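**Q** This is the structure I have questions about; it appears just below.
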Amino acid sequence: MILTVTLNASIDKAYYLAEPLQPGKVMRVKECRNTAGGKGLNVSRVVKLCGGQVLATGLVGGFNGQYLEYLLKEDKIASQFTHVAGETRSCINVLESAYGSTEFLEAGCQISQAELAEFITNYRALLADIEVVTLSGSLPQGVSQSVYVTLIDLAKKAGKQVLLDSSGESFRLGLAAKPSLIKPNKDELEAFFGVEISSTEETIAYAKKLAAEGIDYVVISLGGDGAVLLHDGVTYHAKPQPIKPVNTVGCGDSMVAALALGLERKDSPEECLKYAVAVGTANALSQRTGHFEQADLDSIYQGVTVQLLD
Ligand code: TA6
């Protein structure tokens, strides 16, 4: 069983426009699709789509929080959230022909120390019956940027593997707790080191610096160029056949879901990476966030090549 943690959950609203976006104009939305969002809930949907067992937890509140739990029930995803006084946020993704995907991410509501303490108590209890934990996304207001350190320490003390997928200060602090696996994308890697990276060799050099921090699995997602994985002193690069992406929102979350399953299944590093790149690429072919068609996954998986680099 995989436990997904989403502290800054969201009602993800995808707006599909028939016309190219014209800033400053009134744009009519051709179709609107609402999903239970926030990175960890995209992870939850994809774990289930891949045939895994998943339990979603985190913080939800208000009418949006009720709607989110309703949407998860519709997706038949089990959840046990801590309920807060604030209102769960919305995140907008505008999809159209001029710019592709443009996201507007709300900050999230204010969380009290008592609400966070209640979540941590609930989280500790949930650890007993699961194998792998994923910690994903930004943090709502009032939650310390060091919260992932606490959650990683508790998971590791309980003997669980824990994946961290966040950015900025919460990622930098979380590293110190040595999560089992991290998956920054290239932009997040550049931001972490304050550099510009222009080749896969450079990506690997910086990934090695993260691995040197004592992180067992370091994955760097590279969009259409696949992903690299560093584990036990070996570097792997998995690349998919080229595709024409439809909606790339949720690809990183889809990879996290596949990597969590790979760890739970004790797959080889090579298989973990190949499967994760195939799932992330299949998600890019779907209009829906955190979703893929099985036929797409099956054909993409066959075309993923894995290179052992050193
Ligand atoms: O990765 C896509 C996504 O999960 C969207 O669905 C939206 O919820 C956003 O990211 C949330 O990102 P954040 O970093 O604020 O947790």
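Where a number appears in this text, it was derived from the coordinates with a stated rule and is not lab data. This is a predicted model, so every value here is computed, not measured. Reconstructed Cβ throughout: ideal geometry from the backbone, glycine too, with neighbour counts over all protein chains shown.
**Q** Return the subset of 244/274; 39/76; 73/178 for which the Cα-Cα distance in this structure is over 27 Å, preserving the input order. Please list the in-between numbers first.
**A** Working: 244/274 19 Å; 39/76 18 Å; 73/178 33 Å.
Going by Cα-Cα distance, 73/178 fall outside the 27 Å limit.
**Q** Could you work out Rg/(2.2 N^0.38 Å) for the range 156-310, with Rg from alpha carbons only?
**A** 0.98
**Q** Toward the positive end of the charge dipole of the chain, about the Cα centre and with charges on Cβ (Lys, Arg +1; Asp, Glu -1), which of 93, 234, 54 goes farthest?
**A** Sorting the options by dipole projection puts first 54.
**Q** Additional query: Could you check the spin-label model distance between residue 241 and residue 83? Points 7 Å from the Cα along Cα→Cβ, value in nm.
**A** It works out to 5.0 nm between the two label points.
**Q** Using alpha-carbon pairs under 8 Å, 6+ residues apart, how would you state the relative contact order of the chain in percent?
**A** Details: 695 pairs, mean separation 50.2, N = 310.
The normalised contact order for the chain reaches 16 percent.
**Q** Show which aspartates and glutamates lie in cross-link reach of residue 266 when reach means a straight Cα distance below 12 angstrom and same-chain residues fewer than eight apart are skipped.
**A** 131
**Q** For a quick check, take a GNM of the chain with Cα springs below 10 Å and name the residue from 61, 233, 224 with the largest mean-square fluctuation.
**A** 233
**Q** Further question on the same structure: Could you check how many percent of all C-alpha pairs in the chain are farther apart than 37 Å? Kindly include the intermediate steps, with their values, before the conclusion.
**A** Numbers: 5002 of 47895 pairs.
Every Cα pair in the chain considered, those over 37 Å come to 10 percent.
**Q** Another one. Just the number: Rg to Rh for the range 1-134, Cα atoms, Kirkwood Rh, two decimals. Before the final figure, lay out each step's value.
**A** Values: Rg = 16.4 Å, Rh = 15.8 Å.
Dividing the radius of gyration by the Kirkwood radius yields 1.03.
**Q** Bin width 5 Å, alpha-carbon pairs only: give the P(r) of the range 227-273 as whole percents, running from 0 to the bin holding the largest distance.
**A** Reading the bins upward from 0: 5, 17, 24, 27, 16, 8, 2, 0.
**Q** Could I ask something else about it? With just the Cα atoms of the range 139-231, tell me how far they stretch along each of the three principal axes, in Å, largest first.
**A** Projected onto the principal axes, the Cα atoms of the range 139-231 cover 37, 30, 22 Å.
**Q** Straight-line reach from residue 239: which aspartates and glutamates have a Cα under 13 Å away, not including same-chain ones fewer than 8 places off?
**A** The qualifying aspartates and glutamates are 225, 270, 271.
**Q** Ranked by Cβ crowding within 10 angstrom, fewest neighbours first, how are 265, 288, 89 ordered? Please list the in-between numbers first.
**A** Numbers: 265 13, 288 18, 89 23.
Ranking 265, 288, 89 by Cβ neighbours within 10 Å, fewest first, gives 265, 288, 89.
**Q** Positive end of the charge dipole of the chain (Lys, Arg +1 and Asp, Glu -1 on Cβ, about the Cα centre): tell me which of 261, 18, 302 has its Cα farthest that way.
**A** Of the candidates, 18 comes out farthest on the positive side.
**Q** Sticking with this one: Nearest 20 debye, what's the magnitude of the dipole of the chain about its Cα centre given +1 on Lys and Arg Cβ and -1 on Asp and Glu Cβ?
**A** 420 debye
**Q** Also: In nm, to one decimal, how far is the modelled label at residue 114 from the one at residue 172, with both set 7 Å along Cα→Cβ?
**A** Each label point lies 7 Å from its Cα, and together they span 3.3 nm.
**Q** Principal axes first, then extents: for the Cα atoms of the range 1-80, list largest minus smallest coordinate on each axis, whole Å, largest first.
**A** Projected onto its principal axes, the Cα set of the range 1-80 covers 46, 29, 19 Å.
**Q** How big is the Kirkwood radius of the range 57-163, worked out from every pair of different alpha carbons and given in Å to one decimal? Show your work: numbers first, answer last.
**A** Numbers: mean 1/r = 0.0648 Å⁻¹.
About 15.4 Å for the range 57-163.
**Q** Arrange 68, 105 by Cβ neighbour counts within 10 Å, fewest through most, would you?
**A** Values: 68 29, 105 17.
So the residues, fewest neighbours to most, are 105, 68.
**Q** Under 20 Å between alpha carbons, and skipping anything fewer than 8 positions from residue 209 in its own chain: which aspartates and glutamates qualify?
**A** Candidates past the 8-residue exclusion: 165, 169, 187, 188, 190, 196, 201, 232, 310.
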